[in-house]
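Taking it in order: structure first as structure tokens, then the write-up.
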Amino acid sequence: MALRPLNVHSQQWRIVSFFDGEHNHKFAQEISSYSMARCLDTEEEAIVISMIKSHATNNSILSFLASKGKIINPKKVTNLRQTIFNNDPQHTMFNLIKKLEEK
């Protein structure tokens with residue numbers, strides 16, 4: 001039987017397939033091997049956003065999350081940082097780029 005979560009933040013699972021016999025590979029020893037375990041929930045994401053806005057480095061954010069038992073892909077922090085930058089109208093660089101595009 002193969003199970004998948006209903007969505008990224010779901011605690012509910014659904015059956016996606018059945019198969020006979022043994023599992024075709026060893027189970028991962030670390031839960032962080034599974035992509036769903038490396039996703040941030042809304043509370044963790046809010047903490048990361050707060051840290052980014054407080055000018056914390058990506059490494060310090062990753063270290064903080066690791067100390068809480070949460071291992072994520074560093075690219076997630078980078079992408080979140082870029083999303084915040086791109087959507088912050090108060091950001092100085094954002095205003096400069098906007099003015100240059102208007103000319």
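The values are calculated or read from the model by the stated rules, or taken from the named source; none is laboratory data. Everything numeric in this text was worked out from a predicted model, so none of it was measured. Ideal geometry is used to build each Cβ from the backbone, glycine not excepted, and the neighbour counts take in all protein chains shown.
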* Residues in segment 69-76: is at least one surrounded by 14 or more Cβ atoms within 10 Å (Cβ to Cβ) and farther than 20 Å from His9 by Cβ? -> no
* Asked: If you go through segment 58-103 one residue at a time, how many are among the charged types (D, E, K, R), part of a loop (DSSP other than H, G, I, E, B) and within 14 Å of Glu45 (Cβ to Cβ)?
  -> 2
* Asked: Condition test on Ala56, is it closer than 21 Å to Val8 by Cα and of a type in the set (Gly, Ala, Ser)?
  -> no
* **Output for segment 37-81, where each listed residue is of a type in the set (S, T, N, Q) and modelled with pLDDT under 90** => Thr42, Asn73
